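Presented below is the structure to which this report refers.
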Amino acid sequence: MGARGLSVAYADYVGDDPQRITATLQRAFASGDCVFSFGGIGATPDDHTRQCAARALGLELVLHPQARELILERMQDVAREQGLAYAPDRPDNQHRLNMGVFPKGADIIPNPYNKIAGFSCQGAGQGKVHFVPGFPVMAWPMVEWVLDTQYTPYFRTESWKEQSVVVFGAMEASLTPLMEAIERDHAVKVFSLPSVDHPTYGKHIELGVKGEPSAVLRAYAELLAGLRAAEVQLGPELVR
């Protein structure tokens, strides 16, 4: 996401509790947001996500025809690699087809690692949830495919900069008026990252601005001027 100028707005961590997963997905589908769901789409007893997605949408689960063909291709690939006969009717292979059972109307997300597809669904609230495996080696290229095929209008193509300074001996509350003034007067975001036990700087606040480079240049100069006027102790400056 960072390479495309995007960032995560929020994250939910949900355990293997079907009721909680369903409730979380209901909120996601109603949100109007682009949401990625990682893990739980396999075919073992602890994989609940496909079923919960269907419940959250009020839809039945069906075997997606394209996902089915990709799973059969994967079976053939494995049989060939192992020097075995291709046996799609074998019970374990029939069970593998469950990994292509998605809520009715779902779109598939191709998996370049092993062809076992993920899927996308959109809710009545226009929230779209994209379901991918929990393994990063599979999930990352699948997420990239979704972003590059569906969300290019949201990519931030202009350059981006963060600049900050380490501040000692100040409280966030006392710096808040300065931070608010910077955001009011400049097209940047101000950030404040307090630390109580940093191995190098000890207790401090990293205070900075982020945004388009020319806006950051002006805002950061004003931030430094405000900090010096407040006579706080400044440490190293950081640029990202």
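Here are some notes:
- The listed residues are A30, A43, A54, and the only one of them that is under 23 Å from V129 (Cβ atoms) and crowded, with 16+ Cβ neighbours inside 10 Å turns out to be A54.
- Options F102, F131, F36: the member that is outside any helix (DSSP H, G or I), of a type in the set (F, W, Y) and touching a Ser or Thr at 6+ places or on another chain (Cβ under 7 Å): F131
- With respect to the stated conditions, G5 is surrounded by 13 or more Cβ atoms within 10 Å (Cβ to Cβ) and either outside the structural domain of L97 (by TED's automatic domain parsing) or modelled with pLDDT under 95 (or both).
- Checking T22 against (1) modelled with pLDDT of 95 or more; (2) part of a helix (DSSP H, G or I); (3) loosely packed, with under 15 Cβ neighbours inside 10 Å, the condition it does not meet: (3)
- Y10 being surrounded by 13 or more Cβ atoms within 10 Å (Cβ to Cβ), free of Cβ contacts under 8 Å to residues at least 40 places away in the same chain and assigned to a loop (DSSP other than H, G, I, E, B): no
- The stretch 195-217: number of residues that are crowded, with 17+ Cβ neighbours inside 10 Å and over 11 Å from S164 (Cα atoms): 2
- The lone exception for S192 - which of (1) in contact (Cβ under 8 Å) with a residue 24 or more places away in the chain; (2) surrounded by 14 or more Cβ atoms within 10 Å (Cβ to Cβ) it fails: (1)
- T200 out of contact with any His (no Cβ under 6 Å at 6 or more places or on another chain), part of a helix (DSSP H, G or I), β-branched (V, I, T) and free of Cβ contacts under 8 Å to residues at least 12 places away in the same chain: no
- Taking (1) over 18 Å from the mean Cα position of the chain (by Cα); (2) surrounded by 14 or more Cβ atoms within 10 Å (Cβ to Cβ) in turn, Q82 satisfies each apart from (2).
- A residue that is at positive phi, under 21 Å from the mean Cα position of the chain (by Cα) and assigned by TED's automatic domain parsing to the domain that holds T44 occurs somewhere in the stretch 125-136.
- Qualifying position, being under 17 Å from F36 (Cβ atoms), of a type outside the set (A, V, I, L, M) and crowded, with 18+ Cβ neighbours inside 10 Å, among P136, P141, P103: P103
- Residue match in the stretch 148-161 (condition: under 30 Å from D47 (Cβ atoms) and not polar (S, T, N, Q)): yes
- None of L147, L175 is part of a helix (DSSP H, G or I), surrounded by 11 or more Cβ atoms within 10 Å (Cβ to Cβ) and in contact (Cβ under 8 Å) with a residue 60 or more places away in the chain except L147.
- Unmet criterion (only one of (1) in contact with a strand residue (DSSP E or B) (Cβ under 7 Å, 6 or more places away or on another chain); (2) in contact (Cβ under 8 Å) with a residue 24 or more places away in the chain) for D77: (1)
The values are calculated or read from the model by the stated rules, or taken from the named source; none is laboratory data. Everything numeric here is computed off the predicted structure, so don't read it as measured data. Every residue, glycine as well, gets a Cβ built from its backbone with ideal geometry; the counts of neighbours run over all protein chains shown.
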